[in-house]
1. With each pseudo-label sitting 7 Å past Cα toward Cβ, what's the residue 127-residue 328 distance in nm, one decimal?
2. Under a plain spin-label model, where a point goes 7 Å from the Cα along Cα-to-Cβ, how far apart in nm are residue 312 and residue 233?
3. Assuming 0.36 nm per residue, please report the length gained on full extension of the stretch residue 61 to residue 105 beyond their Cα-Cα distance.
4. Hey, if you put +1 on the Cβ of every Lys and Arg and -1 on every Asp and Glu Cβ in segment 352-405, which of 375, 361, 385 ends up farthest toward the positive end of that dipole?
5. Accessible area per residue for segment 11-234 in Å², computed with a 1.4 Å probe and the full protein assembly in place, what is it?
6. Any idea how far apart residue 52 and residue 148 come out in nm if each label point goes 7 Å out from Cα toward Cβ?
7. With 24 Å as the limit, write out which pairs from 152/233; 62/115; 62/174 have Cα-Cα distances beyond it, or answer none.
8. Please work out the Cα center distance from segment 356-400 to segment 282-342, rounded to the nearest Å.
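The values are calculated or read from the model by the stated rules, or taken from the named source; none is laboratory data. None of these values were measured; they are calculated from a predicted model. Cβ coordinates were reconstructed from backbone atoms using ideal geometry, including for glycine residues, and neighbour counts include every protein chain displayed. The protein model used for the area step is the full one, side chains on, heavy atoms only, and it has no ligands, DNA or RNA in it. Shrake-Rupley method; radii C 1.70, N 1.55, O 1.52, S 1.80 Å.
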Amino acid sequence: MKKFLVSSLLSLSTGLAYGGNGSSGGGNIYGNQLNPWFLSNTKSVTYCLEVAPGFSDISEEKLASMVDEAFGYWARTFSGTTPYEYIGEVSGLDLRLATQTFVRDAACSSTTDIKFQFGYLSEDQKVSWPNYRQLIAGAFRTSYDEVRLRGKGIIYIAPERGPLRPRSRTLHAKPWSYGTHNALRFTLTHEIGHVFGLQDDHYSSSFNLMSSRFVEKVTRIEQVEAHEDREVKSIPSPFGCNNDFEAELGYEVETGTVGSGEVSKNSAGRPPLASDGRIPEGLAKILGLPKDYILRFKTIKKQMSITFEGREYAKINFTPSVTGEIQSDEAISIYLTTKQAVFQGIAPESYDIAHEIYFSVRQTRASNVVLELSNGYQLPVFVNFDQRCWPEIGTVYEGEVVFSIF
Ligand SMILES: [Zn+2]
């Protein structure tokens, strides 16, 4: 069986490669270098803009509003994601992120927390980052207060024109100025993600906002034009499929590829019994679908509706389901030294250790749900959602586990 995603907002393909964010490979002990720049004890953060003439055709006011939008995206995303509240044995800690108010300074000064450098690098910075001609964007923390756990830094976005334009044949001529400026919107959102302690995700199985090659991809000639109307919220969150599994996508199922190695296996490791080697014949009859078909899945507010040939084919109500993460990875950590004065009562053994505070959910399972076919048949199923909210629907049929019924 092969499945092809035929319609979704997730058409950017993934790529696995190392992309820099000022960090380097190797066995570093990062210490507090990976900490979020601000924790909730910091109530207000200032930022300023410095815009070089060759940066783009976008006005400074518009750039400022796009920066605000990107901060807003993270405030919403973090408010819908629960952090751990522990450091060592101490519980009840406020480890929420992006709780600050972000205030624009009319001019950059030495007290400004985040400096957005649109198309501009100082001579010192060029010396510090010798590969700056390959740099399209980056977030660099330039200082960190180990007592109050707050950082300062810059976010650099390369210009479209002039000597700092990155040398790359695949880079769009005007990635920022073009159309609705989505490439810049996405890039700003990615870079601000680093401010909150998210690292580049090098090995994600699916494309997401913090993928290491995200910025390189969204600024490519063909991508800039393809994603003109796309909203940032349609890109999979680094925390995985959102808690409500909200997504709209369609996929095409081609069942004529038995023996390709992609046949789903049952719990005993054998291919399930079926006329076409895919699903049991009796189950295929119940589902009543042709050999090849396209299904569209839309999940909103705990209701999934599945359509086939433009008509409702089945639905699932997730309200009574039992859900659980079946795979997650660490996403954000904080590392404290004994100088910190933000948290009380931290035990000595909890210092000089990275504490994971946010996790990225790669896969979630909803069990105890029912697939209600429009012909009235009800099939008990379980649904696995991957990071993109792609659903994989399974069932137990005559004692055999079928992991994927479509
Ligand atoms: Zn990055």
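1. So the two model labels end up 4.6 nm from each other.
2. In this crude label model, residue 312 to residue 233 measures out at 2.4 nm.
3. 14.6 nm
4. Projecting each Cα onto the dipole axis, the largest value belongs to 375.
5. Heavy-atom accessible area per residue stands at 45 Å².
6. Modelled inter-label distance: 3.1 nm.
7. Checking Cα-Cα distances, 152/233 exceed 24 Å.
8. 6
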